[in-house]
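A.B. asks: One structure, pasted below without further comment.
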Amino acid sequence: MSNQEFNDWSEMVEQMNEAVAQSIEQNMEAQAAFVESWSDAVGDSMLEEDELSEGIEGYAAAYEVWMDAAEQMFERTAAAAEGEDVEPTEFRDIWLQSANEAFKEVMSTSAFASANGQLVEAMMEMQQEADEMTQDTLAQMGMATRGDVEEVGERLVELERRQHELEDKIDQILDAVEE
């Protein structure tokens, strides 16, 4: 092997090592973000014991998926170091597929559904409070609120109903006078 071939090979191995190190670092960051978001969602909610247990099982299954991905990455890196033609997209695909599987493991649990339900409920309460504050602010500024517009609409409907009643009575009177 010539010096140039050795340098090329060394450079390729170094690039692969850097790519693997970067992939592992990104994996660890993704796992940390995943665990943090999961624990925030589940930790802040009032879950039943069985939901919490199922949530932990879901997380454990997701962790297993990540570990399998790390093993696959190691195997493909070793294969590349041994001279096998390994496409860089294989590494990306391993992580993307693993992320999908891991999130599916967690999102299919009743703990995740319960935490999501509580999150939606809290968001709806916040929206209701914001709407009430907006209506109060509009009222204080002397502007029409939703309640004011609804009241005007109800009055218009009632006036139309009365008008139709009067028109019907007038028509009956005119018919009686004409006969």
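The values are calculated or read from the model by the stated rules, or taken from the named source; none is laboratory data. Keep in mind that what you see is a predicted model, and the values were worked out from it rather than measured. Every residue, glycine among them, receives a Cβ derived from its backbone with ideal geometry; neighbour counts consider all protein chains shown.
A.B. asks: Name the one entry in Q128, Q97, Q135 that is at pLDDT 85 or above, assigned to a helix (DSSP H, G or I) and assigned by TED's automatic domain parsing to the domain that holds Y63. Reasoning before the result, please.
C.D. replies: Values: Q128 fails: assigned by TED's automatic domain parsing to the domain that holds Y63; Q135 fails: assigned by TED's automatic domain parsing to the domain that holds Y63.
After applying the criteria, what remains is Q97.
A.B. asks: Which residues, counting only those in the stretch 111-133, are over 30 Å from G58 (Cα atoms) and either touching a helix residue (DSSP H, G or I) at 6+ places or on another chain (Cβ under 9 Å) or among the aromatic types (F, W, Y) (or both)?
C.D. replies: Initial filter on the stretch 111-133 (over 30 Å from G58 (Cα atoms)): 127-133.
D131 - this is the single residue of the stretch 111-133 that is over 30 Å from G58 (Cα atoms) and either touching a helix residue (DSSP H, G or I) at 6+ places or on another chain (Cβ under 9 Å) or among the aromatic types (F, W, Y) (or both).
A.B. asks: Does at least one position in the stretch 58-80 carry a residue that is touching a Gly at 6+ places or on another chain (Cβ under 9 Å) and either surrounded by 14 or more Cβ atoms within 10 Å (Cβ to Cβ) or closer than 23 Å to Q15 by Cβ (or both)?
C.D. replies: Narrowing the stretch 58-80 to residues touching a Gly at 6+ places or on another chain (Cβ under 9 Å): none.
No: zero hits.
A.B. asks: Looking at M123, M143, can you tell me which residue is at pLDDT 80 or above, assigned to a helix (DSSP H, G or I) and either outside the structural domain of E71 (by TED's automatic domain parsing) or not β-branched (V, I, T) (or both)? Steps first, answer last, please.
C.D. replies: Working: M143 fails: assigned to a helix (DSSP H, G or I).
Going through M123, M143 in turn, the sole match is M123.
A.B. asks: Which residues, taken from the stretch 81-115, are loosely packed, with under 12 Cβ neighbours inside 10 Å and either touching a Ser or Thr at 6+ places or on another chain (Cβ under 7 Å) or within 19 Å of E29 (Cα to Cα) (or both)?
C.D. replies: Selection gives R92, N100.
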